[in-house]
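K.L.:
The structure that follows is given in the form of structure tokens.
The values are calculated or read from the model by the stated rules, or taken from the named source; none is laboratory data. What you see is a predicted model, and the numbers here were worked out from it, not measured in a lab. So basically every Cβ, Gly included, is an ideal-geometry build from the backbone, and we count neighbours across all protein chains shown. When the accessible area is computed, the model is the full protein with side chains, heavy atoms only, and any ligands, DNA or RNA have been set aside. Shrake-Rupley method; radii C 1.70, N 1.55, O 1.52, S 1.80 Å.
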Amino acid sequence: MLRAPWQLTSFLLLACLAGAPLHAQRGGDLQAQILYAFQSEDINELASLIQTLKTREQLGTADSALRYHLAHADYRLALLSGEANPRNAETALGECIDQLKPLLEQDVNSVEALALQSACYSNLVKYKKFEAVLYRSRAADRLRAAFKLAPKNPRVLYLSAIDALARANPGSPESKLAFEQLELAAQLFEQSSATTIETPSWGHAEAYLELGRQLEARGDVLGARNWIEKALIMASDYKAARRQLAILVHP
């Protein structure tokens, strides 16, 4: 029996939710473990991963990849801590920024390090009010540099889009442009790998969820459901996406 596109997405979602978590979520690589802890909102597991990585760093075995993973884990911890624990969030963001400094000293054109450090500076603005202008400027500079180097990098596009959407007035030309950028980021994520161990590949599920939220805000409920379900197919334990889908289905 042929299924309509939205039916097929729902069918795949149910199959995914009913089964074991995807290998990419519970896999042995650090990136997958960090993402799984973040998406399942397991702060204790994330803190444990950070401690393990810091121990390896203290032993003198930290290479660029380990520093990037540690910065990424700090970024995720800050996002989960948020307003409930602003001091922890501020500390984690500061450590994220510091971990990426040696990477950028080695390679000022490291797109992934620039993009992640931009995200950490941007979020730090919420907790450092007196330095907000400085940190906002640093975030913009790094994101601009990353975009110039890799205009089709989906993480760069996603971070640029959410930053612009947060600042733009609804319905404004800036908001429209940011939304189009988010759509492009989601499309590029669909074309890229989500399970590569060596190369940073986070952002898929978040971009899909954010696109779903934006479509819902614009009145496209069917489109919103499609992208939120894609986020859950990508990461079946993504609690934020589960909550958003529940709101959409049962308003």
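K.L.:
Can Leu134 be described as open to solvent by less than 70 Å² (accessible area, probe 1.4 Å) and at pLDDT 95 or above?
P.N.:
For Leu134, the condition - open to solvent by less than 70 Å² (accessible area, probe 1.4 Å) and at pLDDT 95 or above - is not met.
K.L.:
In the list Gly223, Gly171, Gly212, which residue meets the criterion of being among the small types (Gly, Ala, Ser) and assigned to a loop (DSSP other than H, G, I, E, B)?
P.N.:
Gly171
K.L.:
Can you name the condition, by its number, that Pro200 falls short on among (1) open to solvent by less than 20 Å² (accessible area, probe 1.4 Å); (2) within 12 Å of the chain's Cα centre (by Cα)?
P.N.:
All conditions are met except number (1).
K.L.:
Give segment 137-167 a look and list any residue that's under 21 Å from Asp98 (Cβ atoms) and buried (at least 20 other Cβ atoms within 10 Å of the Cβ), or say none.
P.N.:
Residues satisfying the conditions are Ala139, Arg142, Leu143, Ala146, Arg155, Leu159.
K.L.:
Separate question: I'm trying to understand the selection: among the residues of segment 37-66, which are assigned to a helix (DSSP H, G or I), in contact with a Leu (Cβ under 9 Å, 6 or more places away or on another chain), open to solvent by 20 Å² or more (accessible area, probe 1.4 Å) and at pLDDT 95 or above?
P.N.:
Phe38, Ile43, Ala47
K.L.:
Still on this structure: Would you mention how many residues in segment 94-129 are among the polar types (S, T, N, Q) and under 18 Å from Leu149 (Cα atoms)?
P.N.:
Residues that pass the stated criteria total 5.
K.L.:
Going by the conditions given, is Gly223 at pLDDT 95 or above, open to solvent by 10 Å² or more (accessible area, probe 1.4 Å) and among the small types (Gly, Ala, Ser)?
P.N.:
Considered against the rule, which asks whether it is at pLDDT 95 or above, open to solvent by 10 Å² or more (accessible area, probe 1.4 Å) and among the small types (Gly, Ala, Ser), Gly223 comes out as yes.
K.L.:
Moving on. Out of Lys128, Lys101, report the one residue that is farther than 22 Å from Tyr238 by Cα, part of a helix (DSSP H, G or I) and open to solvent by 40 Å² or more (accessible area, probe 1.4 Å).
P.N.:
Only one candidate passes the filter, namely Lys101.
K.L.:
If you don't mind, there's one more thing I want to ask. Pick out the one residue from Ala241, Ala246, Ala185 that is open to solvent by less than 70 Å² (accessible area, probe 1.4 Å), closer than 20 Å to Ala37 by Cα, in a helix (DSSP H, G or I) and of a type in the set (Gly, Ala, Ser).
P.N.:
Criteria check complete, one pass: Ala241.
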